[in-house]
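All remarks here apply to the structure that follows.
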Amino acid sequence: MKSDPDMRRQSMSYEVYKQVYPDGFPLDIWLAELRRLTYKDMMDYYREHIKSRPVTIAIMGNPKKMDLRQLREKYGSVKWVMRNSLFIDDFSHRHLSAPPQ
């Protein structure tokens, strides 16, 4: 029988969500809150929390298919990060939290 790493990952994700959201994932609550947002709400949030602050842009893909010189000219320095340092299969490093109420 072939083991499927994606299925193992999904089952581990499910276990993490059960611990963080014991009463079930609150998607319906989040969607209701999103539907109530207005354009003004979003712009106010942007002005208060994002505007004029440093930004990190992550670009994933094959660097051979990108114009790296153009990226540097437009965005500044480029830091290379290896895939295995971004994606952790060890769920002991859980950083999930419940949404704000």
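Every number in this text was worked out from the coordinates using simple rules, so none of it is lab data. In this text, all values refer to a predicted model and were calculated from it rather than measured experimentally. Counting neighbours? That spans all protein chains shown, and the Cβs are built from the backbone with ideal geometry, glycine included.
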I need every pair where a residue in segment 45-65 that is within 12 Å of W80 (Cα to Cα) has its Cβ under 8 Å from the Cβ of a residue that is aliphatic (A, V, I, L, M) and not in a loop (DSSP other than H, G, I, E, B), sequence separation at least 6 or different chains. I59/L71
For segment 32-58, enumerate the residues that are exposed (fewer than 10 other Cβ atoms within 10 Å of the Cβ) and closer than 30 Å to Y14 by Cβ. L34, R35, R36, T56, A58
